[in-house]
Every structure is written in C-alpha cells, then in structure tokens.
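Peer 1: Dropping the structure in here first, questions after.
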Amino acid sequence: MTAPPRPAGPDRTHGGGPDRPHRDGTADAPGGSGPVRGGWREGDPEAGRRWLRLDRPLPLESGEELPGVRLAYQTWGRLNAEGTNAVLVLHALTGDAHLTGPPGPGQPSPGWWEGVVGPGLALDTDRHLVVAPNVLGGCQGSTGPSSDAPDGRPWGSRFPRVTVRDTVRAEEALADALGVRAWAAVIGGSMGGMRALEWALTFPRRVRRALVMACPAATTAWQIAWAAPQLHAVRADPDWFGGDYHSTGRAPVDGLGVARRIAHVTYRGAAEFDARFGRAAQSGEDPAAQGRYAVESYLDHHAWKLVRRFDPASYVLLTEAMNGHDVGRGRGGAAAALAGLPERTIVAGVDSDHLYPLAQQREIARHLPRPGQVRVIRSAHGHDGFLVETDQVAALVEELLTGSE
C-alpha cells in the first residue's frame, strides 16, 4: 500500500493526510499508535470517554425497543449542588464527544471545538460542567451498528432505524445519571443543532437556554437530495454486504470515501474552493494524463481521513435520521413547535452555507417565543463555518450564557 500525494495547501480544521485505508476498514494511525478501525472498538484506549449503560431497553419512535444501549460521553468541569450549571454540547454528523484535547491512541482527531471549551473560555469549565455525548447510533463508543448486540454479534443491518428524537431520549438518561436537573444551555450545530431543537422541544423544563446553529427546522428536499448519492455510494460498495460487513474482515471504505467527497463539497463554499485551488494541478501530477487537480487531492484526503475514524453503517444510519428531521412532526407543524423553544434561544447561521442556508435559520428565529434576528457567522468556509470560526462562535456562547433569561 502506498500513500497518496499530500493534499494541496494547509487546512485549518484538519491534520495531515493518512495512508489510504485497507479494505478491512483499518488504516495506520499517525505516530505509530496502531490501526484505526473506522470507529472506537472494545479494547481500544478509553481516551477520556465515560459510559452510561441504560438499565432497560430504549423505546424508539418506530415502536421498536433497543436493548443494551450504552452512551459514551466526555465531561469537563463540575456540577453544582443544584444540578443547574451543566451545558450540553451536541456534535454534528461525523463528530464525537471529543470537544477539546489532542489526538492520540483512541482519539484519532484533535478536539473539534478547541478554543471554545476550557478554563476561562466561552464554555468556562471553572463555572460550568460541559457534557458532550457521542450520539446514539454513532461509532465512537456509543451503541451503533458496529456494536455487539445482546447475542454477541455485531448489530449490522439488524440495528433499528433511529430518529433525532430517539437520540435525545437516550441522552435524557444521561442527564438523569449525571444529576442534571436542567441544562443551563443546550448547544449544537448541523445535526447537533437538530438535536438541540429536539432537546428543547421534547424536554422544555430541562433546557433553560439554547444555541442552534446551521440547521433547519425540517430537512428539505434539497438536503435529502444531496444525501441520496452518499447513501447510494456506501450501499453500492461490494463490501457493504447489506450492512452486515462487520464480521467479514472487509468494510465499504470506497463507498464511504465517495460519500465523504460529496458531503465535503456541500460543507464548504464555492468561493473558497475557487480561490484556494483554482484550476491548479496536484503537485507532481498531470490531469491530462490521469493525474488529479489539487481540489481532487483535497477531497481524497478528507475521504480517507473520515474512513480512518468512522463506521460506514453509522454514517448511513445517522444520515437517514437527519433526512427524517422535522420539529413539526406530531406538534402541529414547525411554526407551532418552534414557539415552544426557550425564550432565551439564539439562532445562528453561516453566510456562505449553501447546504443549510441562512433562510432556514431565519425561519426558526421568526417563530421563536421572542422572535429575533439570526446571528450571522461570517466565513468563507461554508457550512463548516460553525466549526472553523471559533472566535465568532465563542462570542455567541458568551452571549447565550451571560444574557438574562
């Protein structure tokens, strides 16, 4: 196996390029720390994770029950005696509970909100208990398709479909276990924003404030359409095996790589791509002789980086959950539902986001109990702006936590 050429140009949100993964879904981790297998597995280093095991099956919206649920999570800071100073931070589709801290064994990536969480920072861990769970159905320690079912075999295709609301109901048990009576704030962007909305609407007495970023009240046809070729790419991989590849020694890494390339185009901005790459060829390659353009190398890099740390079946499961997101379902429509959000709710979007455009955040803000203006994150980085522009996000977090209720 040989490594592809390095991607063109630096990238603020991502590290160096890993080797192309093996067909069994493993890849060599940087620094000789051993293989990374498309997600956390039993026996891997805990790397700051803690776990909650639910003592009874989790009822799902579908009417099914999911037994043996375990949630992985990380915390920073301490809970006060009243159980009211905790902040819940909810990650996006391919995120995890690792908000802050370096990469290392068991954590292939650095924290995704460095500079926001810590002593004296916007999420001040001297004042707040910060809690970040890995979503139900994920692959960084929480129960998902790659986890073992009660019969000792991987869940695979047997894992039931879950909704965004199901993931929130699993996290309710985490709040109970931690002694959190009411979250001081619930914060999330993209899929995390969908979860933040559902948290506030499903458990209104347990959410005092909310910061919702870069997400819609309901997923649109445009967003479902972008997800469709990603789902097809994973399922068309010959190593998908109907979702039951976990015991085969193979994994649909090529399909997940294609899905990530498609997704990453939607996450970033056209202006950024044109300004950063133009029509430049990748160093040492000639596109006229089956070589790559620099932007192709960049997408390759992000594809194989994701494959190193994410399970394809979790990608499919969670993408489908996002497709089904609709806060108005069973609540009399989106407008009626959004009126039930906390009075102290801040809605933010990214000005260059063409996947979840500002118009969708304006719709949410228009129907708040106190209708207000959307806070605009100004960024050339498209949808990923809420991850990249940490100074602007930190200012929103401070506004949320210091403002009157």
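This table checks each residue for (1) open to solvent by 10 Å² or more (accessible area, probe 1.4 Å); (2) in contact with a His (Cβ under 6 Å, 6 or more places away or on another chain); (3) in contact (Cβ under 8 Å) with a residue 40 or more places away in the chain.
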{"site": "ASP286", "(1), (2), (3)": "yes, no, no"}
{"site": "SER297", "(1), (2), (3)": "no, no, yes"}
{"site": "HIS302", "(1), (2), (3)": "no, yes, yes"}
{"site": "LEU306", "(1), (2), (3)": "no, no, yes"}
{"site": "TYR315", "(1), (2), (3)": "no, no, yes"}
{"site": "LEU318", "(1), (2), (3)": "no, no, yes"}
{"site": "GLY324", "(1), (2), (3)": "yes, no, yes"}
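Peer 1: When the stretch 346-363 is examined, which residues are found to be touching a helix residue (DSSP H, G or I) at 6+ places or on another chain (Cβ under 7 Å) and of a type outside the set (Phe, Trp, Tyr)?
Peer 2: The answer is ILE346, VAL347, ALA348, GLY349, VAL350, ASP351, SER352, ASP353, HIS354, LEU355.
Peer 1: Considering GLY332, GLY291, which residue is open to solvent by 10 Å² or more (accessible area, probe 1.4 Å), of a type outside the set (A, V, I, L, M), touching an Asp or Glu at 6+ places or on another chain (Cβ under 9 Å) and not in a helix (DSSP H, G or I)?
Peer 2: GLY291
Peer 1: Which of the residues that make up the stretch 93-105 are touching a residue at least 12 places away in the same chain (Cβ under 8 Å) and open to solvent by 20 Å² or more (accessible area, probe 1.4 Å)?
Peer 2: ASP96, THR100, PRO103, GLY104, PRO105
Peer 1: Can you tell me which residues in the stretch 252-271 are of a type outside the set (A, V, I, L, M, F, W, C) and in a helix (DSSP H, G or I)?
Peer 2: ASP254, GLY255, GLY257, ARG260, ARG261, HIS264, THR266, TYR267
Peer 1: Restricting to the stretch 240-253, count the residues that are closer than 15 Å to SER314 by Cα and not hydrophobic (A, V, I, L, M, F, W, C).
Peer 2: Going residue by residue through the stretch 240-253, those that are closer than 15 Å to SER314 by Cα are 240-246, 251-253.
Those still in the list that are not hydrophobic (A, V, I, L, M, F, W, C) too: 242-246, 252.
Residues in the stretch 240-253 being closer than 15 Å to SER314 by Cα and not hydrophobic (A, V, I, L, M, F, W, C): 6 in total.
Peer 1: Residue by residue through the stretch 119-154, note down the ones that are without any contact (Cβ under 8 Å) to a residue 60 or more places away in the chain, open to solvent by less than 30 Å² (accessible area, probe 1.4 Å) and under 28 Å from VAL307 (Cβ atoms).
Peer 2: ALA132
Peer 1: Hey, another quick one. So which residues in the stretch 184-220 are part of a helix (DSSP H, G or I), among the hydrophobic types (A, V, I, L, M, F, W, C) and buried (at least 24 other Cβ atoms within 10 Å of the Cβ), if there are any at all?
Peer 2: MET191, MET194, ALA196, LEU197, TRP199, ALA200
Peer 1: On to the next question. Give the residue, chosen from VAL69, VAL116, that is over 14 Å from GLY188 (Cα atoms), open to solvent by less than 10 Å² (accessible area, probe 1.4 Å) and modelled with pLDDT of 95 or more.
Peer 2: Result of the check over VAL69, VAL116: VAL69.
Peer 1: Okay, next question. Please go through the stretch 34-45 and pick out each residue that is at negative phi and surrounded by 14 or more Cβ atoms within 10 Å (Cβ to Cβ).
Peer 2: PRO35, VAL36, ARG37, TRP40, ARG41, ASP44, listed by residue number.
Peer 1: Mind listing whichever residues of the stretch 339-375 are under 23 Å from PHE273 (Cα atoms) and open to solvent by less than 50 Å² (accessible area, probe 1.4 Å)?
Peer 2: Those that are under 23 Å from PHE273 (Cα atoms) and open to solvent by less than 50 Å² (accessible area, probe 1.4 Å): GLY349, VAL350, SER352, ASP353, LEU355, TYR356, PRO357, LEU358.
The values are calculated or read from the model by the stated rules, or taken from the named source; none is laboratory data. Since the structure is predicted, the reported quantities are computational estimates derived from the model, not experimental observations. Reconstructed Cβ throughout: ideal geometry from the backbone, glycine too, with neighbour counts over all protein chains shown. Ligands, DNA and RNA are excluded from the accessible area calculation, which covers all protein heavy atoms including side chains. Shrake-Rupley method; radii C 1.70, N 1.55, O 1.52, S 1.80 Å.
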